[in-house]
Amino acid sequence: MQNRHADLDGEQTAAVSGLLDGQVAVITGAGRGLGRAYALAYSREGAAVVVNDVEAGSAASVVDEIVAAGGRAAASPDSVATPPGAAAIVDSALEHFGRLDVMITNAGADRRGPVLDLTAEDWEFTLGTHLFGMIHCSVAAGRAMRHQAEGGVIVNITSGAFYAGVPQLAPYGVAKGGIYGLMRALAVELAPFGITVNGVAPPMTATPPVLAYLEQLADLGVPPDQVALLRDGMPQPEDVAAITVFLATEAGRRLSGQLFTMTKNELTVISPPSDAGTVTAPGPAWTLADLSAAIATLPM
């Protein structure tokens, strides 16, 4: 395991605000895009950051940015896709900074295309990085945090794609739906250890993969003005990083099992499905006719 580690001298630490002083955060997939924005935001608040990315050069570059701004960081090139890789990422935090307070499971890679044309390998690749990567990292982090008196914070990054039904992104949506289920289960199981687990579902954000996806929409016949409207209305990665930082603060640690989405000026809590549309059968059991009549009354 190779790690890049850098600390600054005292003269440069004034750039850090200190809200998360003393905390250590691991952010997977932090070499670019949203992960990079999360890493920089945590560093600005005083946390030491393990910047994980399988592209070692990208991770090292973000470490250099953190160092230049007055922070502390270590780079980890290990893969989230296997339990040993996830354990090595956690070990990076323990070896360099002595503890682990926050795990943000952000890394993922996917394959896209018409669902009827995707291969089994396409599905396995996407689920292996997005879903199983988050499982492995959450479990590894939980095992380290449960021995700490202060507990810890796990933030699982998911996406609205799991409930929106986005064309060309079926494996991605399935993986993100599994992450939501993972978050809800972990929030219950890890509560006795003082570990909070929440989810963040960023909206479509101006990152290279999303911008490339918009070009695909244009190729699929979506009118250019609609594509331009989507592009112009997207927040930047730094606009949605604040909620991930908040969840590591004293106030944020009072929350668990919640799913948030955030833009530059809007915050939404996404609630689980409710039974607001429940209808009772008129007889002792449902008949097809009763179902037809009942379903017609439901808000769908």
For the stretch 165-287 (alpha-carbon point model, no solvent) the Debye-based log₁₀ I(q)/I(0) at q = 0.10, 0.15, 0.16, 0.19 Å⁻¹ works out to -0.47, -0.87, -0.94, -1.13
Considering Cα pairs under 8 angstrom that are at least six residues apart, work out the relative contact order of the stretch 4-275 and quote it in whole percent.
16
What are the residues whose amide H is under 5 Å from the amide H of PHE260, where those residues sit 5 or more places off or on another chain and H is modelled from the backbone?
GLY199, VAL200, ALA201, ILE270
As an exercise, use a Förster radius of 51 Å and the Cβ-Cβ distance of ASP21 and ASP225 to find the FRET efficiency, rounded to the nearest 0.05.
0.60
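Using a Förster radius of 25 Å, what is the FRET efficiency between LEU211 and THR82 based on their Cβ-Cβ separation? Nearest 0.05, please.
The calculated FRET efficiency here is 0.25.
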One can check that the equivalent ellipsoid of the chain, built from the alpha-carbon gyration tensor with semi-axes equal to the square roots of five times its eigenvalues, has lengths in Å, largest first, of 36, 24, 19
Sorted peptide list for 57-64, 293-300, 225-232, 257-264, criterion being average Cβ within 10 angstrom, highest first
57-64, 257-264, 225-232, 293-300
So what J values fall out for the stretch 130-145 if you push phi through Karplus, 6.51 cos²θ - 1.76 cosθ + 1.60 with θ = phi - 60°, rounded to Hz, Gly and Pro as x?
5, 7, 5, x, 6, 4, 4, 6, 5, 5, 4, 5, x, 5, 6, 6
What's the center-to-center distance, using Cα atoms, between the stretch 239-300 and the stretch 192-233 in Å?
21
Grab the DSSP H runs of the chain that are 4 residues or longer, score each as -39,500 (n - 2.57), total them, divide by all residues and round the 222 nm result to the nearest 500 deg cm²/dmol.
-12000 deg cm²/dmol
If R0 is 51 Å, what FRET efficiency do you get for ALA191 and THR297 from their C-beta distance, rounded to 0.05?
0.85
Rounded, prolate or oblate: which fits the stretch 210-261 when a ≥ b ≥ c are the square roots of the eigenvalues of the alpha-carbon gyration tensor, with rounded for a/c under 1.5 and prolate only if a/b beats b/c?
prolate
The answer for ALA75, listing residues at least 5 apart or on another chain whose modeled amide H is closer than 5 Å to its amide H, is ARG4, HIS5, VAL51
Which is farthest toward the positive dipole end of the chain among LEU186, LEU169, ALA74, measuring Cα position about the Cα centre, with Cβ charges +1 (Lys, Arg) and -1 (Asp, Glu)?
LEU186
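What is the magnitude of the charge dipole of the chain about its Cα centre, with +1 placed on the Cβ of each Lys and Arg, -1 on the Cβ of each Asp and Glu, and no other charges, expressed in debye to the nearest 20? It would help to have the intermediate numbers written out before the result.
Values: 16 positive and 30 negative charges, 110 e Å.
The calculation lands at about 520 debye.
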Given 0.36 nm per residue, what is the gain on full extension from VAL115 to VAL269 after removing their alpha carbon distance, in nm?
52.5 nm
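Read the figures in this text as sums done on the coordinates, not as results from a lab. This structure is a prediction, so every number in the text was calculated from the model and none was measured. Note that each Cβ is placed from the backbone with ideal geometry, even for glycine, and that neighbours are counted across all protein chains shown.
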